């Protein structure tokens, strides 16, 4: 079996298309900002083709203030939805804004998102997925699993 390269963006992953063993987990982000951006990517992609997101990713990054946790934790959905470079899905936009606030809370509680993930070590996978689904909006079991794989936390 040929090993796949590690990836930095979920769209480089074949995890959803092939056996789990065929794809190595993604690189661990080095900052809360990178963890948050990958989460946003997973949320924006849900229900859409990767090609759509990949094609418009630079535009979405611009519209969402480069996924700045600080800016988005204070932003309003109506304002963002009026921007030309934002995906026009209110539920996803509101989820991203809520999740930015949740990242702020996690940083306050644990010091960093990486420390939060480390606090989950040893927890059964299903409980970890449920915890993420409870804390973050527009994140279900599959998105939580895929997100953790994409950030190198879960194989």
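Structure data summary
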read-out: Condition check for residue 64: free of Cβ contacts under 8 Å to residues at least 60 places away in the same chain and closer than 20 Å to residue 25 by Cβ; value: no
read-out: The lone exception for residue 1 - which of (1) in a loop (DSSP other than H, G, I, E, B); (2) at pLDDT 95 or above it fails; value: (2)
read-out: Test: residue in segment 9-31 that is within 15 Å of the chain's Cα centre (by Cα), modelled with pLDDT under 85 and more than 29 Å from residue 118 (Cα to Cα); value: no
read-out: The listed residue being more than 16 Å from residue 31 (Cα to Cα), buried (at least 17 other Cβ atoms within 10 Å of the Cβ) and touching a helix residue (DSSP H, G or I) at 6+ places or on another chain (Cβ under 7 Å), out of 92, 88; value: 92
read-out: Candidate set from segment 125-155 (those that are at pLDDT below 95 and not in a helix (DSSP H, G or I)); member that is nearest to residue 41 (Cα to Cα); value: 151
read-out: Residue list for segment 107-118, restricted to those being part of a helix (DSSP H, G or I) and either farther than 12 Å from residue 136 by Cβ or touching a residue at least 40 places away in the same chain (Cβ under 8 Å) (or both); value: 107, 108, 109, 110, 113, 114, 115, 117, 118
read-out: Search result, residues across segment 57-76 that are loosely packed, with under 13 Cβ neighbours inside 10 Å and not in a helix (DSSP H, G or I); value: 76
read-out: Evaluation of residue 54 against (1) surrounded by fewer than 20 Cβ atoms within 10 Å (Cβ to Cβ); (2) over 18 Å from residue 146 (Cβ atoms) (one fails), failing number; value: (2)
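The values are calculated or read from the model by the stated rules, or taken from the named source; none is laboratory data. Note that the structure is a prediction, hence the values are computed from the model and not measured. With ideal geometry, Cβ positions are generated from the backbone for all residues, glycine too; neighbour counts draw on all protein chains shown.
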